[in-house]
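K.L.:
Here you go, one structure.
The values are calculated or read from the model by the stated rules, or taken from the named source; none is laboratory data. Values in this document were obtained by computation on a predicted structure and should not be read as measured data. Here Cβ is always computed from backbone atoms with ideal geometry, including for glycine, and neighbour counts include all displayed protein chains.
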Amino acid sequence: MKARKVSLERLVGRLVRDPDGRRAGRILEVEAEIEGDDCLVREYRLGAAALLQRLGISAGRLVGLPFRHEPLRVPWDQLDLGDPERPRLRCTVEELRARQPR
Amino acid sequence: MGTIAAIAAAAVLFLSCQQQTPEQELIRKTDAVGPWLAALQMAGEKWTVNSVPATFVHTSVDAAQKAFTKAARETGRSDARTDLRDHLGRLIAGGQAESARLRRAVAAQDRRAAVPAIRGLAALHADFEALSKAFEEPSQ
Amino acid sequence: MELVRDVLDKQLIDREGTKMGRADGVVLEIRPDGPPRVDSLTLGFTVLASRLHPRFGDWFARVRARWSVRKSGRYRVPWSVVEEVRQHDIQLAVRALDTPAFDWERWLRRHVIEHLPGASK
Amino acid sequence: MKKAMTLALGILTSVGGFFDVGNIATTAQAGASFRFQLIWSLLLATLLVIFLVEMSGRFAAVSGKALPDAIREHFGFTFWLVPFAVLTLIHLLTLGAEIGGMCFALHLVTGIPVWVWAPVVAILTWLFLWRSTFSTIENSTSLLGLLTLAFVVAALLHHPPTGEVVAGMLPSLPHHDPEKYWFIAVSILGAVIAPYLFYFYSSGAVEDDWDPSYIAVNRGVALIGMGFGSVISLGAIVVAAMVLAPRGIEVSDYHQAALMLTDAFPFWGFALFAAAMGIACLGAALEVALSMAYTTAQTFGWNWGEDLNPREDARFCLVYTGAILLSALLIMFGVDPLKLTLLTMAINAAALPFVVIPFLLLMNDGKLLREHKNGWLSNAVILFIVILSFVLAVVSIPLAIRGGS
C-alpha cells in the first residue's frame, strides 16, 4: 500500500462502521500533534458530542439541557481509511468503548 | 422550527379563508384613494402658505394620478354592486379633475384658483371616508 | 491540536501580515507505515464548492476553467511553509503577492484599481 | 480621555446610524395608520437591538474578531453559508432601499424623477467609500445625522396626549385593518433590528482596535446610542400620528410622508424632512455597503479595512462597488422605493433567526469569551424576540402580499 491523499473536509461527517457493520458514529474532529516538521494525526473523534466540543459551546446549556456524551475516541491505527467514503474500524465498537480513557 | 412553520401556515390558511364580499374587496383595493385626496388637500394648503415648493405639488399630483388610474381600473373590473361602483367611479373622476385643477393653479402661481380645488378635494375625501365606513370589514 | 477546530477555515496570514485567504481545505496523507500526516492546506473557490457537494465542485471547476484569470482553481500550501498555528490565525512563511492565492487581487489591482482616480488615500 | 471620546462618538454614530430609510418609512406608516398603537413594537425591537449591539461589541472587544470572521472560523464554511447568503441578500435590498431614499430626498427638492437620481447617488456613495477612511465616514455622517432630531423636536411641539402614547407601549389588537397592522409591526421590528447593524458594528469595533478595556464603553454606546436612536423613531411615530392621522393621510408613497414636519416648522419643515431623509439614508448606505464588503472579505479571508488604500484590498473595494451598482440598478429600473423598503424590512425580520442564532451560539462559547460570555438572561430575551419576530414575519408577509399593499 502506498501513500494516498484524503481531504479532511470530506472526511468530516462520514459515518464510521465497525467490522461487523455496526455504526460507531460520525467523524467530527481529528486530533493531531506537531512533531518536528510534521503534523501527525493521533486520533479521530466520533459522535455528536464531538460536534458540540468543536463548536465550543454548550448548545445544551442554551436550551437548558445538561451536557452529557463524551466523544468516542479512535486511535489513528484503529481506523481504516482504505475507502475514504466508507471508513471502517479495525476493532469492534465494544472494544473501543472499553479502551476509552477514564 | 417545524412547529413554528406549521402554526404560521395554519394562521395564513385561517385568515385567507375569511370571506370578503365583492364590495369589501373593492373598497380594500381602492383604499389608496382617500389618503391621496387628503394628502393633496394638505399639499395644496401648505403651498398656499409657502410651506412646500410648487414642484412638490406637481410631483404629488402626478403620483396621486397614478393611484387614481389604478383605482379606476379596479372599479371597472369589480363584481361589486353597481351603485357602489358608480359612486366610487364618480369620486375617482372627481379626484382626477380636482387634482389636475390644483396642479394648474400651482403652475400658474395662482393662489386664489387653488382654493376651490383644495375645497373640492376636501369634500371628495369626506365623501370617500363615509363610503368606505359603510362597507368596512367588521373587525374581530 | 484539533484539525477541524484549529486549522480548517482559519485565517491565513502571510509574511508581511497580509490576510491571504482561509484554510478552505486540509489534505491528509495516509501512509502505510505510520500515522497520517497533514500534507497541505488548500485554498480557493473550487475547494469551497466541493465542500458543499463534490459534484458541485467538479461543475464549478469546469466553469471556472473557462473564465478565471487564475491558472489553477486551488492553491496548495505545503505544510512545510506553515510557521505557526495561533489562536486566531495561521502564520505562513510566504509572500501573498507571489502566490496564486493573490491572482485575482493582482489582476484587479493591475487592470481596474490602477485606472481609477484616487486609489491611494 | 480617549475612552470618553469613543463613548461620545459611538453614541453619536449609533444615533445617526439607527435612524434610516426603514425607520422613516415604517414609523410614518405606523403613526399615520394606527396613531400611537404600534409604539410597543418599536420598544420591543429597541430592547433586542440594544442586546445584540452590546453583544457584538463585547465579542469584538474580547476576541479581536468581527462576527463573519469568527462564525466561519468556528462553525466552518458550510454552516456559515446560509447566514452569509441571507446577509448578502439583505445587504443588497437594504442598500437599494437607502439609495432609493436618497434619490427620493433629491426628487423632493428638485422634482426630477427618482430613477434619474440613482446613478448620481450611486457615484456619490461610491466616492465617499473610495476616498475616505473609516473614522471620517463614522464622524461626518453621525454629526449630520443629528438633523433627524428634528422629529423629536417636532413631536414635543405637538404636545402629544401622554396617556395614549403610554398606552401604545403595551401591545394591543387593532380596531381595523389587522393585516396592515401586523405587517407594519413586523416592518418596524425589521427596520430597527436590521441585521447589517450589529454585523457592521463588530467590524467597526475591530477597525477601531477595541480591546477588553472597551467593554464598559461598548455597553454605554449600545444602551444610550440605541436608546436615543429609538427616541427619534418614537418622535417620528408621534409626528405622523399628530399630523397625518387626523387628516386621514396614510402613507403609501413617500410624498405623503414628506408633509410630516410642515405643521411644526411651517417654513423649514419640508426642507428639513428632505435633508434628514437624504442624510440618514446616505449614512446608512455607506454602512450597508461597507458591511457587505466586510462580510464578504471576512468570509473568504481577504484583506479588508476601510483605512487601507484601495490598492491594498482590491477585492474588498470590488465588493462594495458591485453592491452599490446592483442596488442602484433596482431603483434605476423603477422599483418603487417605499415598496422596496417595506418589503426589505419585513424580510429583515424573517431573516433574524438565521443571522442571530449562529451569533448567539458564539456568544455562549466559554473558551472564546471566558468570563465575558452571555448570561441566561440575554439568551432568553434574544431567543424570545427573535422567534416572535420570525413568526410574525412569516405570517404577515403572505397576508400583506395577498392584500396587495
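K.L.:
Regarding D:Val82, is this residue more than 14 Å from every other protein chain (Cβ to nearest Cβ), within 30 Å of C:Val4 (Cα to Cα), in contact with a helix residue (DSSP H, G or I) (Cβ under 7 Å, 6 or more places away or on another chain) and surrounded by fewer than 24 Cβ atoms within 10 Å (Cβ to Cβ)?
P.N.:
Details: more than 14 Å from every other protein chain (Cβ to nearest Cβ): no; within 30 Å of C:Val4 (Cα to Cα): yes; in contact with a helix residue (DSSP H, G or I) (Cβ under 7 Å, 6 or more places away or on another chain): yes; surrounded by fewer than 24 Cβ atoms within 10 Å (Cβ to Cβ): yes.
Answer is no for this residue.
K.L.:
In the range A:8-30, what residues are within 14 Å of chain C (Cβ to nearest Cβ) and free of Cβ contacts under 8 Å to residues at least 40 places away in the same chain? Spell out how you get there, then give the answer.
P.N.:
The first filter runs over the range A:8-30 and keeps only residues within 14 Å of chain C (Cβ to nearest Cβ), leaving A:8-14, A:26-30.
Matches in the range A:8-30: A:Leu8, A:Glu9, A:Val12, A:Gly13, A:Arg26, A:Val30.
K.L.:
Here's a follow-up. Just checking, which of D:Gly248, D:Gly229 is touching a residue at least 12 places away in the same chain (Cβ under 8 Å) and touching a helix residue (DSSP H, G or I) at 6+ places or on another chain (Cβ under 6 Å)?
P.N.:
Details: D:Gly248 fails: touching a residue at least 12 places away in the same chain (Cβ under 8 Å).
The unique qualifying residue is D:Gly229.
K.L.:
Among the candidates B:Lys46, B:Lys29, which residue alone is within 7 Å of chain D (Cβ to nearest Cβ), out of contact with any His (no Cβ under 6 Å at 6 or more places or on another chain) and modelled with pLDDT under 95? Give the derivation first.
P.N.:
Details: B:Lys46 fails: modelled with pLDDT under 95.
Unique residue meeting the criteria: B:Lys29.
K.L.:
So, in the range A:14-37, how many residues would count as being at pLDDT below 90, small (Gly, Ala, Ser) and farther than 20 Å from A:Cys91 by Cα?
P.N.:
Of the residues in the range A:14-37, 1 are at pLDDT below 90, small (Gly, Ala, Ser) and farther than 20 Å from A:Cys91 by Cα.
K.L.:
D:Glu98 versus (1) modelled with pLDDT of 95 or more; (2) of a type in the set (D, E, K, R); (3) over 23 Å from the mean Cα position of the chain (by Cα): which is the lone unmet condition?
P.N.:
Condition (3) is where D:Glu98 drops out.
K.L.:
While we're looking at this one, here's another question. How many residues are at the interface with chain D (Cβ under 10 Å from one of its Cβ atoms) and either over 16 Å from A:Leu8 (Cα atoms) or surrounded by fewer than 22 Cβ atoms within 10 Å (Cβ to Cβ) (or both) if we restrict to the range C:11-48?
P.N.:
Result for the range C:11-48: 10.
K.L.:
State all residues of the range D:37-60 that are over 20 Å from D:Val15 (Cβ atoms) and surrounded by fewer than 24 Cβ atoms within 10 Å (Cβ to Cβ); if no residue qualifies, say none.
P.N.:
Scanning the range D:37-60 gives a single hit, D:Trp40.
K.L.:
Just checking, how many residues over the range C:30-60 are part of a strand (DSSP E or B) and closer than 15 Å to A:Cys39 by Cα? So that I can check it myself, show each step before the final result.
P.N.:
To start, the set of residues in the range C:30-60 that are part of a strand (DSSP E or B) comprises C:30, C:37-43.
If we keep only those that are closer than 15 Å to A:Cys39 by Cα too, we end up with C:30, C:37-41.
Qualifying residue count for the region: 6.
K.L.:
Sticking with this structure for a sec: Look at C:Glu16 and say whether it is out of contact with any Gly (no Cβ under 9 Å at 6 or more places or on another chain) and not in a loop (DSSP other than H, G, I, E, B). Please lay out each step first, then the result.
P.N.:
Details: out of contact with any Gly (no Cβ under 9 Å at 6 or more places or on another chain): yes; not in a loop (DSSP other than H, G, I, E, B): no.
Here the answer is no, as C:Glu16 does not meet what is asked.
K.L.:
OK, next. Just need a number here: residues in the range C:1-10 that are free of Cβ contacts under 8 Å to residues at least 40 places away in the same chain and crowded, with 20+ Cβ neighbours inside 10 Å.
P.N.:
Residues of the range C:1-10 that are free of Cβ contacts under 8 Å to residues at least 40 places away in the same chain, as a first pass: C:2-5, C:8-9.
Next cut, crowded, with 20+ Cβ neighbours inside 10 Å only: C:3-5, C:8-9.
Final tally of qualifying residues: 5.
K.L.:
On the given criteria, is D:Asn374 assigned to a loop (DSSP other than H, G, I, E, B) and more than 30 Å from C:Val112 (Cα to Cα)?
P.N.:
On the way: assigned to a loop (DSSP other than H, G, I, E, B): yes; more than 30 Å from C:Val112 (Cα to Cα): yes.
The answer is yes for D:Asn374.
K.L.:
Continuing with the same structure: Of the conditions (1) closer than 24 Å to D:Val319 by Cβ; (2) part of a helix (DSSP H, G or I), D:Thr46 satisfies every one except a single condition; which number is it?
P.N.:
(1)
K.L.:
If you don't mind, another one. Within the range D:351-387, how many residues are closer than 22 Å to D:Leu42 by Cβ and without any contact (Cβ under 8 Å) to a residue 60 or more places away in the chain? Don't jump to the end; show me each part of the working.
P.N.:
First, the residues of the range D:351-387 that are closer than 22 Å to D:Leu42 by Cβ: D:351-353, D:355-356, D:377-378, D:380-387.
Restricting the remaining residues to those that are without any contact (Cβ under 8 Å) to a residue 60 or more places away in the chain gives D:353, D:377, D:380, D:383-384, D:387.
Count: 6.
K.L.:
Taking the condition of a type in the set (Val, Ile, Thr), within 21 Å of D:Met277 (Cβ to Cβ) and assigned to a helix (DSSP H, G or I), does D:Thr6 pass?
P.N.:
Values: of a type in the set (Val, Ile, Thr): yes; within 21 Å of D:Met277 (Cβ to Cβ): no; assigned to a helix (DSSP H, G or I): yes.
So D:Thr6 does not fit the description; no.
K.L.:
On to the next question. Which of (1) among the aliphatic types (A, V, I, L, M); (2) surrounded by fewer than 19 Cβ atoms within 10 Å (Cβ to Cβ); (3) within 14 Å of chain B (Cβ to nearest Cβ) does D:Leu352 not meet, given it meets every other one?
P.N.:
D:Leu352 satisfies all of (1) among the aliphatic types (A, V, I, L, M); (2) surrounded by fewer than 19 Cβ atoms within 10 Å (Cβ to Cβ); (3) within 14 Å of chain B (Cβ to nearest Cβ) except (2).
K.L.:
Mind listing just one residue for me: the one in the range D:171-180 that is facing chain B (nearest Cβ under 10 Å) and not basic (Lys, Arg) and, of those, nearest to D:Ile397 (Cα to Cα)?
P.N.:
D:Glu179
K.L.:
Among the numbered conditions (1) more than 10 Å from every other protein chain (Cβ to nearest Cβ); (2) more than 13 Å from the chain's Cα centre (by Cα); (3) in a helix (DSSP H, G or I), tell me where C:Asp6 comes up short.
P.N.:
It is condition (1) that C:Asp6 fails.
K.L.:
Criterion first (surrounded by 17 or more Cβ atoms within 10 Å (Cβ to Cβ), under 28 Å from C:Gly17 (Cβ atoms) and modelled with pLDDT under 90) does D:Asp313 satisfy it?
P.N.:
Working: surrounded by 17 or more Cβ atoms within 10 Å (Cβ to Cβ): yes; under 28 Å from C:Gly17 (Cβ atoms): yes; modelled with pLDDT under 90: yes.
When the stated conditions are applied, D:Asp313 passes them.
K.L.:
Still on this model: Kindly indicate whether any position in the range D:214-234 is modelled with pLDDT under 90, surrounded by fewer than 24 Cβ atoms within 10 Å (Cβ to Cβ) and touching an Asp or Glu at 6+ places or on another chain (Cβ under 8 Å).
P.N.:
no
K.L.:
Among the residues of the range D:33-58, write down those that are in contact with a Ser or Thr (Cβ under 6 Å, 6 or more places away or on another chain) and under 18 Å from D:Arg370 (Cα atoms).
P.N.:
D:Ser56 - this is the single residue of the range D:33-58 that is in contact with a Ser or Thr (Cβ under 6 Å, 6 or more places away or on another chain) and under 18 Å from D:Arg370 (Cα atoms).
K.L.:
Among D:Val165, D:Val186, D:Val192, which is the only one that is over 21 Å from D:Ala346 (Cα atoms) and at pLDDT 90 or above? Can you show your working first?
P.N.:
Details: D:Val186 fails: over 21 Å from D:Ala346 (Cα atoms); D:Val192 fails: over 21 Å from D:Ala346 (Cα atoms).
Criteria check complete, one pass: D:Val165.
K.L.:
Additional query: Kindly indicate whether C:Leu92 is surrounded by 13 or more Cβ atoms within 10 Å (Cβ to Cβ), hydrophobic (A, V, I, L, M, F, W, C) and facing another protein chain (nearest Cβ under 9 Å).
P.N.:
Details: surrounded by 13 or more Cβ atoms within 10 Å (Cβ to Cβ): yes; hydrophobic (A, V, I, L, M, F, W, C): yes; facing another protein chain (nearest Cβ under 9 Å): no.
For C:Leu92, the condition - surrounded by 13 or more Cβ atoms within 10 Å (Cβ to Cβ), hydrophobic (A, V, I, L, M, F, W, C) and facing another protein chain (nearest Cβ under 9 Å) - is not met.
K.L.:
Scan the helices (runs of 4 or more DSSP H) fully inside the range D:249-349 and keep the ones with 2 or more residues being within 13 Å of chain C (Cβ to nearest Cβ) and under 24 Å from B:Thr59 (Cα atoms). Give the steps one after another, and end with the answer.
P.N.:
Values: elements: D:254-257, D:269-300, D:314-332.
In the range D:249-349, there are no helices (runs of 4 or more DSSP H) which contain 2 or more residues that are within 13 Å of chain C (Cβ to nearest Cβ) and under 24 Å from B:Thr59 (Cα atoms).
K.L.:
Is it true that D:Ile99 is free of Cβ contacts under 8 Å to residues at least 40 places away in the same chain and either touching a strand residue (DSSP E or B) at 6+ places or on another chain (Cβ under 8 Å) or away from chain B (no Cβ under 14 Å) (or both)? Write out each step before concluding.
P.N.:
Values: free of Cβ contacts under 8 Å to residues at least 40 places away in the same chain: no; either touching a strand residue (DSSP E or B) at 6+ places or on another chain (Cβ under 8 Å) or away from chain B (no Cβ under 14 Å) (or both): yes.
In short, no.
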